[in-house]
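K.L.:
This is the structure I want to talk about, given as structure tokens.
The values are calculated or read from the model by the stated rules, or taken from the named source; none is laboratory data. These figures come from a predicted structure and were not determined experimentally. A quick note on method: Cβ atoms are made from the backbone with ideal geometry, for glycine too, and the neighbour counts reach across all protein chains shown. Side chains included, ligands, DNA and RNA excluded: accessible areas come from the protein's heavy atoms. Shrake-Rupley method; radii C 1.70, N 1.55, O 1.52, S 1.80 Å.
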Amino acid sequence: MERDVFIGHGAAMTLKERLLDESDREFINVCGQCGMSAVENVEQRRVYCPNCDEETDIHEIEMSYAFKLLLDEMKALGIAPRLELIDAV
Ligand SMILES: [Zn+2]
């Protein structure tokens, strides 16, 4: 209901604040080459892509925890979701 009112009035920034910033914002690392989520090894202090086995093109992106959960559940089903990264203007 609240979401539909915000969409109806075109308040994109308010919607982003309510549904992402003040809700379940999550930062994850994504490989820029293949689009798969990267892995952080705390002991070795490195973030790398297990698919490409590189740590040069890793980007930290912001998303909702619900979307991250969807990506994780897709991986559990054997589906490899890939994120296509573009520069934000
Ligand atoms: Zn990769």
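K.L.:
Inspect all residues belonging to the stretch 31-46 and state whether any of them is among the charged types (D, E, K, R), open to solvent by 60 Å² or more (accessible area, probe 1.4 Å), touching a strand residue (DSSP E or B) at 6+ places or on another chain (Cβ under 6 Å) and modelled with pLDDT of 90 or more.
P.N.:
Step one: of the stretch 31-46, the residues among the charged types (D, E, K, R) are 40, 43, 45-46.
Imposing the further condition that a residue be open to solvent by 60 Å² or more (accessible area, probe 1.4 Å) reduces the set to 40, 43, 45-46.
With touching a strand residue (DSSP E or B) at 6+ places or on another chain (Cβ under 6 Å) added as a condition, the list becomes 40.
Next, from what is left, pick out any that are modelled with pLDDT of 90 or more: 40.
Yes, because at least one residue in the stretch 31-46 is among the charged types (D, E, K, R), open to solvent by 60 Å² or more (accessible area, probe 1.4 Å), touching a strand residue (DSSP E or B) at 6+ places or on another chain (Cβ under 6 Å) and modelled with pLDDT of 90 or more.
K.L.:
Applying the selection to the stretch 54-80, what residues are in contact (Cβ under 8 Å) with a residue 24 or more places away in the chain and of a type outside the set (Phe, Trp, Tyr)?
P.N.:
Selection gives 57, 58, 59, 60, 61, 62, 63, 64, 66, 68, 71, 80.
K.L.:
Moving to a separate point now. Mind checking which strands (runs of 3 or more DSSP E) fall wholly inside the stretch 8-89 and carry at least 2 residues that are away from the ligand (no atom under 16 Å from the Cβ) and of a type outside the set (A, V, I, L, M, F, W, C)?
P.N.:
Details: elements: 25-31, 39-41, 46-48, 58-64.
Per the criteria, 25-31, 58-64.
K.L.:
I'd like to check something: does the stretch 53-65 contain any residue that is open to solvent by 50 Å² or more (accessible area, probe 1.4 Å), among the aliphatic types (A, V, I, L, M) and touching a strand residue (DSSP E or B) at 6+ places or on another chain (Cβ under 9 Å)?
P.N.:
no
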